[in-house]
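Okay, so here's the structure we're looking at.
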Amino acid sequence: MTIPVLTIDGPSGAGKGTISRAIAKQLSWHYLDSGSIYRSLSIAVLNASVAVDDIPAILAVAKSMQLEFDCGEQLTVKLNNEDITQHLSLEETGRVASIIAAYPEVRAVLLQKQKAFQQMPGLVADGRDMGTVVFPDAQYKVFLTASAKVRALRRYKQLKEKEIDANLAQITQDLEERDRRDQERATAPLISAKDALIIDSSDMSLERVIEEVMNLIQNGLNW
Ligand code: C5P
């Protein structure tokens, strides 16, 4: 029997994490925050003092790292038995993650780790290439986006809530740089799957987006 998958792809700060977590909770499905896998590798690479262009060394780190995810109310991640949750949302972690995510060999190593999340009764997977590369046969696909201005402001508020020092102008610049890298890379670029429902959440409330995604799933299930 096919295990149902809902993929939610889109640029940084579009609200994928919040929406995915809410939908996974409503459906009692598993949740894959694929960005946190790239972020964990970024932390492992920084910890090992490996240069971001040393692909063989990055691959060695990727192959040997042990990751444990606890996707409860709050995501917690252990890297080689050490809790790295606090480091995941740092801007530097995200910046390095988007550089190493452009290497096809790195993506290939991380593919199986992501596919393993497809478990009964279902999976909500958020990222950049969930509907195009990792779960191309997913029954439900969403491409969630928002203007760069709105996304930068959301990220700024998120960091402030976590009491992490943040600068809006810097965040906007980093975000646009990261978007460009994600969209322009040759392997698994950030792009909407042909069969995805595109939602621009710039002027939508969280509740409204959740409603649209739930509609997609319910209508699909009624076919
Ligand atoms: O989603 P998040 O901001 O946590 O992702 C961090 C970085 O990891 C992204 O900027 C992107 O470069 C990379 N990523 C990716 N493919 C995914 C998820 C994240 O390339 N499926």
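Laid out as a table, the results:
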read-out	value
Alpha carbon convex hull of segment 62-123, projected area averaged over orientations, nm²	5.1 nm²
Ranked order, Phe117, Phe135 - accessible area, probe 1.4 Å, largest first	Phe117, Phe135
Gln139 long-range amide H proximity, modeled H, under 5 Å	Val5
Efficiency of FRET from Cβ geometry, Met1 and Lys157, R₀ 35 Å, rounded to 0.05	0.25
Long pairs among Lys25/Lys149; Lys16/Lys78; Lys16/Lys194; Lys16/Lys157, criterion Cα-Cα beyond 27 Å	Lys25/Lys149
Distance in nm between pseudo-label sites at Gln170 and Asn47 (7 Å out along the Cβ direction from Cα)	2.4 nm
Normalised contact order of the chain, rounded percent, pairs of Cα under 8 Å and 6 or more residues apart	33 percent
Aspartates and glutamates whose Cα lies under 15 Å from that of Lys63, excluding same-chain neighbours fewer than 8 positions away	Asp54, Glu105
Convex hull projection area averaged over all views, the chain, Cα basis, nm²	11.9 nm²
Stretch gain in nm, segment Lys194-Gln66, where the contour uses 0.36 nm per residue and the Cα spacing is subtracted	42.7 nm
Ordering of 62-72, 190-200 by packing [mean C-beta count within 10 Å, highest first]	190-200, 62-72
The chain, helix-only ellipticity at 222 nm - DSSP H runs n ≥ 4, -39,500 (n - 2.57), divided by all residues, nearest 500	-15500 deg cm²/dmol
Residues with amide H under 5 Å from that of Gly127, placed H, sequence gap 5 or more	Ile8, Asp9, Gly10
Solvent-accessible area, 1.4 Å probe, carbon plus sulfur percent, for the chain	51 percent
Share antiparallel - DSSP beta bridges, segment 5-217, percent rounded to 5	30 percent
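The values are calculated or read from the model by the stated rules, or taken from the named source; none is laboratory data. On a predicted model such as this, the values are computed, not experimentally measured, just so you know. With ideal geometry, Cβ positions are generated from the backbone for all residues, glycine too; neighbour counts draw on all protein chains shown. Calculation scope for accessible area: heavy atoms of the full protein, side chains included, ligands and nucleic acids excluded. Shrake-Rupley method; radii C 1.70, N 1.55, O 1.52, S 1.80 Å.
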